[in-house]
Amino acid sequence: MTPDAVVVDTNVFSAVLTRRLLASQYAEYLSGKRLIISFQTVAEIRFGGMAAGWGEARMREAERAIAKAATIPPHDELATEWASLRVECKRVGHALASKTHMSDLWIAATASLIGIPLVSHDAIFKGTPGLTVLTLL
C-alpha cells in the first residue's frame, strides 16, 4: 500500500524548491502525495536562503513552497517522540543519537510520530528504528 502523504527531509524539499536534479530523482516518491515537513525543515530552508543572500522574490517563492506543505510544529507529543527515538537510537547504536544530528532527529521524530515514510537523500536516516525511509541511497 502506497501512503498518500510523506514527510520530506530538507535536502529533498530544498531540491524541489531550487529545481535541482535531485528533485526529479525523487519525483516518484513525491508525485501525488501530500507533502509534510517538520518545523526544523522550515527553519533550515529560511536559514539557507538568508545565508545564501536570496533576494526578496526568491524568499517569497520559498515561503509559498513552505505554505503548500503541511508543517508539523513543535509540540509536547513531538518532544516526547524525539526523546523516545533518541533513546532507542542510542540503545541500538544509531548515529541519530549523537548531538551532531539533533536537527535530523526532529525530522525523523516527525515522520515516526505520524507514522508515515520519510523521503530523504541523507544516509543518516537509514536504519532508524521504527522509521520507513524512502531514499535512493
Handout entry: the stretch 1-82: Rg to Rh, with Rh as the Kirkwood radius over Cα pairs
Key = 0.99
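Let me know the number of lysine pairs in the chain closer than 29 Å at the Cα, not counting same-chain pairs under 8 apart.
Working: Lys33/Lys68; Lys33/Lys126; Lys68/Lys126; Lys90/Lys99; Lys90/Lys126; Lys99/Lys126.
So the count of such lysine pairs works out to 6.
Just how many % of Cα pairs in the chain lie over 17 Å apart, if you round to the nearest whole percent?
Numbers: 5371 of 9316 pairs.
Of the Cα pairs, 58 percent sit more than 17 Å apart.
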Completion exercise
Given a Förster distance of 25 Å, the FRET efficiency implied by the Cβ-Cβ spacing of Leu137 and Ala5, rounded to the nearest 0.05, works out to 0.70
Exercise for the section: Run the numbers on the chain and let me know its relative contact order in percent, using alpha-carbon pairs under 8 Å that are six or more apart. Expected result: 30
Practice task
Treating the angle as unsigned and between 0 and 90°, give the value, to the nearest 10°, between the Cα long axis of helix 102-114 and the longest Cα principal axis of the chain.
Solution key: 80
Handout entry: Rounded tilt (10° steps) of 56-68 against the dominant C-alpha axis of the chain
Key = 50
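We did not get these values from a lab; they are worked out from the coordinates using the rules stated. Owing to the predicted nature of the structure, the values given are computational and were not obtained by experimental measurement. Note: ideal-geometry Cβ built from the backbone for every residue, glycine included; neighbour counts use all protein chains shown.
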